[in-house]
Amino acid sequence: MLVLGLLVLAVGATAGIVTAATPKKGSSYVGTLSGTSFRLEKRVVLKVSDSGTGRVRLSCSDTRIGVSSKFAIVNGKFTAVKTTGSLLVWRLRGRFASRETARANLYLPAACDGKGGKVTLELAE
């Protein structure tokens with residue numbers, strides 16, 4: 001009975017752990033933050049190199065805002081930033097939910113209309 005109780009406790013403790021997936025190397029992931037009357041449309045393209053590093057390109061209403069510096073993807077998690085000097089222009093932070101999908105939060109303190117949000121990136125074939 002004690003062993004069964006410990007087994008149930010162990011399974012319950014690991015149920016809340018979320019693991020991130022590994023992205024497909026040499027591929028692109030595309031996502032859009034829909035425009036509204038209060039927010040301009042944003043398009044995010046995350047490119048994963050053959051070595052597994054990433055780079056993000058951001059467009060705002062069909063105007064290219066910039067490309068992030070290269071960043072590491074560690075345990076399926078990533079943070080892409082675009083800076084000008086010491087000024088943070090934008091940041092995309094997220095994780096790969098599967099090999100085909102990444103979920104991220106776009107923060108725009110000094111770009112577009114300043115209104116970011118949550119974006120889902122899908123594998124582009």
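A few notes on this one:
- Three-way shape call for region 31-125 based on the alpha-carbon gyration tensor, with the a/c threshold at 1.5: oblate
- With Cα atoms, 0 to 90° folded angle of helix 2-14 axis to the chain main axis: 0 degrees
- Computed magnitude of the charge dipole of region 86-125 (debye, nearest 20; Cβ of K, R +1, Cβ of D, E -1): 240 debye
- Report summary: the helix-based calculation at 222 nm, which adds -39500 (n - 2.57) for every DSSP H run with n ≥ 4 and divides by the residues of the chain, gives -3500 deg cm²/dmol.
- Dipole check for the chain: with +1 at the C-beta of Lys and Arg, -1 at the C-beta of Asp and Glu, and the Cα centre as origin, the magnitude is about 300 Debye.
- Computed from backbone phi with θ = phi - 60° and the Karplus coefficients 6.51, -1.76 and 1.60, the 3J(HN,Hα) list for region 31-44 is x, 10, 9, 4, x, 10, 5, 10, 9, 6, 6, 10, 10, 10 Hz; x is used for glycine and proline.
- Contact order for the chain, expressed relative to its length and based on alpha carbon pairs under 8 Å spaced 6+ residues apart, stands at 23 percent.
- Selection from Asn75, Ser51, Thr19, by position along the positive dipole direction of the chain (Cβ): Ser51
No lab work stands behind these numbers, since they all come straight from the coordinates. Please read these numbers as outputs of a predicted model, since none were measured by experiment. Positions of Cβ are backbone-derived with ideal geometry, glycine not excepted, and every protein chain shown enters the neighbour counts.
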